[in-house]
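Asker: Could you have a look at this structure, given as structure tokens, before my questions?
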Amino acid sequence: MRERMLFLSAQNQSAEDLEGEMRTGSILEILLGKFDIDLLTYASTHKDMSTIDGTALTVHYINGNIASWRSVLRPLHKMRNFTNRSHADKDMKSIIMELCRSNNYRHIFISHSLLGNCIDMVRNLLPDASVITDTYRFESGFAVGKENGKPSNINPYHKLNEALVRRNKRRLMNKTGVLLATSEWDALSFKSLSFADARKVHVVPHFIKMNEYNAFTEPVAKENSMVLHWNMNTRQGIKAAQSFFKKSYPLIKEQVPDIKCYITSQEVHPEVMTLVREDVSVVITGPLKPSADYIRRAKAVLVPIREGCEVSRNILESWALKTPVVTSSTICERLNCEHNRNILLANTSVDVVASVITLLKNPEMATIIADRAHRTLLKDYEVNYVKSKILSLV
């Protein structure tokens, strides 16, 4: 008889956290290979779980509304998340108590969106259980650090709050049994805060299922085209698109007049649509046709050089389809990549133009970069590699 696990999630299908939700769903599917799982999540916002095969998953839906504007009045030191569910612990309390009393769980998984709400409760109810936490976007995606010698473009309140964030990290490490970080850089930021708890920290990078892209990987003639591959319905995504079409794309068209530029975002904001409506070289694919078909035929994929757009998965998708990627060093700093080896790094609009034109005019170089990126993906970011690591930790 398989062991039961309690899995706490608060997915909300928001534009800002789609990458995090896909990561949580993929981890859930991996754990279903070893455990029977009680999934606790919100009824009003969670996707239909009937797509997951088998009877190992039991979904417990709870009712709860996304917090109102009052949530922004919370103390700064409270751990934030993109679900904006500041009272998730109250919403879930009764069901968590019931489940923990009915099942002596030895393992409890808490997704990144609930770290600040539920860990104390489950630790009190089941003090001997091993708690696994995923720290994706622990600091709500605001990068802390420097880029090109200039201060990061972060909210000053978050900058003032760094000491409290470090305190929350130490507390989380003390309470958790296994802490999943998305990169070596993130893992070190936790380990440096507590030598005693450093052994709990393990790297589980972003990953994709290669079999989902096998149908698109047959040899294909590359077109004189590029793909913009990111969410353009977030404020960061809108700014990135506006910057590209105002500064970079006109210069690219001067060098490559017959270029086609495909926008594969499922939703294109009206502000972006206004910039490209009259340009026949820009094609908005829409949500019906898979973006993978356009990516595999393109000579270059551009992901935004701005912080906060959450495009790690988009880079991996392009690598899976053997199309070279142009992005900034900040965006891909948590991926195993190197400029001119398996990716092209462009930190300014001028660099973007030069990199895209290089890929369009030098197909031999583009092929080499794409092949190296594909090998990196299979080695470090394919689901089978990550699956064995996750299952060895629980």
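The values are calculated or read from the model by the stated rules, or taken from the named source; none is laboratory data. Given the structure is predicted, the values throughout are model-derived calculations rather than measurements. Cβ atoms come from the backbone with ideal geometry, glycine included; neighbour counts cover every protein chain shown. For accessibility, only protein heavy atoms count, side chains too; no ligands or nucleic acids. Shrake-Rupley method; radii C 1.70, N 1.55, O 1.52, S 1.80 Å.
Asker: So in segment 377-391, with the set limited to residues that are in a helix (DSSP H, G or I) and touching a strand residue (DSSP E or B) at 6+ places or on another chain (Cβ under 9 Å), which one is most open to solvent (accessible area, probe 1.4 Å)? Show your work before the answer.
Answerer: Narrowing segment 377-391 to residues in a helix (DSSP H, G or I): 377-380, 383-391.
Subsequent filtering for residues that are touching a strand residue (DSSP E or B) at 6+ places or on another chain (Cβ under 9 Å) retains 377, 383, 389-390.
Values: LEU377: 0, VAL383: 24, LYS389: 61, ILE390: 8 Å².
Among them, the one singled out is LYS389.
Asker: I've got another one for you. Restricting attention to segment 214-229, and to residues there that are open to solvent by 20 Å² or more (accessible area, probe 1.4 Å) and in contact with an Asp or Glu (Cβ under 8 Å, 6 or more places away or on another chain), which single residue is modelled with the lowest pLDDT?
Answerer: The first filter runs over segment 214-229 and keeps only residues open to solvent by 20 Å² or more (accessible area, probe 1.4 Å), leaving 214-224.
Checking the rest, the ones that are also in contact with an Asp or Glu (Cβ under 8 Å, 6 or more places away or on another chain) come to 216, 224.
Values: PHE216: 70, ASN224: 94.
Restricting to residues being open to solvent by 20 Å² or more (accessible area, probe 1.4 Å) and in contact with an Asp or Glu (Cβ under 8 Å, 6 or more places away or on another chain), the top hit is PHE216.
Asker: Further question on the same structure: Restricting to segment 59-109, give me the number of residues that are β-branched (Val, Ile, Thr), open to solvent by 50 Å² or more (accessible area, probe 1.4 Å) and either at pLDDT 75 or above or within 12 Å of LEU8 (Cβ to Cβ) (or both).
Answerer: At the first step, the residues of segment 59-109 found to be β-branched (Val, Ile, Thr) are 59, 62, 66, 72, 83, 95-96, 108.
If we keep only those that are open to solvent by 50 Å² or more (accessible area, probe 1.4 Å) too, we end up with 66, 72.
Narrowing the set further to residues that are either at pLDDT 75 or above or within 12 Å of LEU8 (Cβ to Cβ) (or both) leaves none.
Summing the residues that are β-branched (Val, Ile, Thr), open to solvent by 50 Å² or more (accessible area, probe 1.4 Å) and either at pLDDT 75 or above or within 12 Å of LEU8 (Cβ to Cβ) (or both) in segment 59-109 gives 0.
Asker: With the requirement that a residue be of a type in the set (Asp, Glu) and open to solvent by less than 40 Å² (accessible area, probe 1.4 Å), what does segment 275-298 give you? If you could, list the steps in order and put the result at the bottom.
Answerer: Quick first cut of segment 275-298, residues of a type in the set (Asp, Glu) only: 278-279, 293.
Scanning segment 275-298 gives ASP279, ASP293.
Asker: With the structure loaded, tell me whether ILE295 is outside any loop (DSSP other than H, G, I, E, B), of a type outside the set (Asp, Glu), without any contact (Cβ under 8 Å) to a residue 40 or more places away in the chain and under 26 Å from ARG23 (Cα atoms) or whether it fails that test.
Answerer: no
Asker: Next question. Only one of GLY116, GLY141 is of a type outside the set (A, V, I, L, M, F, W, C), closer than 18 Å to SER9 by Cβ, crowded, with 16+ Cβ neighbours inside 10 Å and at pLDDT below 70; which?
Answerer: Values: GLY141 fails: closer than 18 Å to SER9 by Cβ.
That would be GLY116, the only listed residue that is of a type outside the set (A, V, I, L, M, F, W, C), closer than 18 Å to SER9 by Cβ, crowded, with 16+ Cβ neighbours inside 10 Å and at pLDDT below 70.
Asker: When you go through (1) farther than 30 Å from LEU378 by Cα; (2) open to solvent by 30 Å² or more (accessible area, probe 1.4 Å); (3) polar (S, T, N, Q); (4) in contact with a strand residue (DSSP E or B) (Cβ under 9 Å, 6 or more places away or on another chain) one by one for SER248, which number turns out not to apply?
Answerer: All conditions are met except number (2).
Asker: In segment 341-359, which residues are over 28 Å from TYR136 (Cα atoms) and not β-branched (Val, Ile, Thr)?
Answerer: Answer for segment 341-359, where residues must be over 28 Å from TYR136 (Cα atoms) and not β-branched (Val, Ile, Thr): SER349, ASP351, ALA354, SER355, LEU359.
Asker: Under the condition of being assigned to a helix (DSSP H, G or I) and not charged (D, E, K, R), which residue from segment 161-182 is most open to solvent (accessible area, probe 1.4 Å)?
Answerer: Applying the first criterion (assigned to a helix (DSSP H, G or I)) to segment 161-182 yields 162-175.
Among the residues that remain, those that are also not charged (D, E, K, R) are: 163-165, 168, 172-174.
Working: ALA163: 56, LEU164: 62, VAL165: 29, ASN168: 16, LEU172: 3, MET173: 2, ASN174: 101 Å².
Going through the qualifying residues, I end up with ASN174.
Asker: Next question. So is LEU344 more than 30 Å from PHE35 (Cβ to Cβ) and assigned to a strand (DSSP E or B) or not? Lay out the reasoning, then the answer.
Answerer: On the way: more than 30 Å from PHE35 (Cβ to Cβ): yes; assigned to a strand (DSSP E or B): yes.
Considered against the rule, which asks whether it is more than 30 Å from PHE35 (Cβ to Cβ) and assigned to a strand (DSSP E or B), LEU344 comes out as yes.
Asker: Run SER329 past the list (1) at pLDDT 95 or above; (2) over 21 Å from SER225 (Cα atoms) and report the number of the one that doesn't hold.
Answerer: Condition not satisfied by SER329: (1).
Asker: Residues being closer than 11 Å to MET232 by Cβ, without any contact (Cβ under 8 Å) to a residue 60 or more places away in the chain and either of a type in the set (A, V, I, L, M) or open to solvent by 50 Å² or more (accessible area, probe 1.4 Å) (or both): count how many of those fall in segment 251-274.
Answerer: Going through segment 251-274, the residues closer than 11 Å to MET232 by Cβ turn out to be 263-273.
Next, only the ones that are without any contact (Cβ under 8 Å) to a residue 60 or more places away in the chain stay: 263-266, 268-273.
Of the ones still in play, those that are also either of a type in the set (A, V, I, L, M) or open to solvent by 50 Å² or more (accessible area, probe 1.4 Å) (or both) are 263, 266, 268, 270-273.
Count: 7.
Asker: State whether the residues of segment 194-202 include one that is part of a loop (DSSP other than H, G, I, E, B) and within 25 Å of ASP293 (Cα to Cα). First the steps, then the outcome.
Answerer: Applying the first criterion (part of a loop (DSSP other than H, G, I, E, B)) to segment 194-202 yields 194-197.
Checking the rest, the ones that are also within 25 Å of ASP293 (Cα to Cα) come to none.
Within segment 194-202, none of the residues are part of a loop (DSSP other than H, G, I, E, B) and within 25 Å of ASP293 (Cα to Cα).
Asker: Give the number of residues within segment 1-33 that are assigned to a helix (DSSP H, G or I) and at pLDDT 85 or above. First the steps, then the outcome.
Answerer: Filtering segment 1-33 for residues assigned to a helix (DSSP H, G or I) gives 15-31.
Of the ones still in play, those that are also at pLDDT 85 or above are 23-31.
The total comes to 9.
Asker: Residues ARG235, ARG296: which one is basic (Lys, Arg) and touching a Phe, Trp or Tyr at 6+ places or on another chain (Cβ under 7 Å)? Spell out the reasoning first.
Answerer: Values: ARG235 fails: touching a Phe, Trp or Tyr at 6+ places or on another chain (Cβ under 7 Å).
From the options ARG235, ARG296, the qualifying one is ARG296.
Asker: Of these, GLU364, GLU317, which one is open to solvent by 20 Å² or more (accessible area, probe 1.4 Å) and within 17 Å of TYR213 (Cβ to Cβ)?
Answerer: Details: GLU364 fails: within 17 Å of TYR213 (Cβ to Cβ).
Answer to the check: GLU317.
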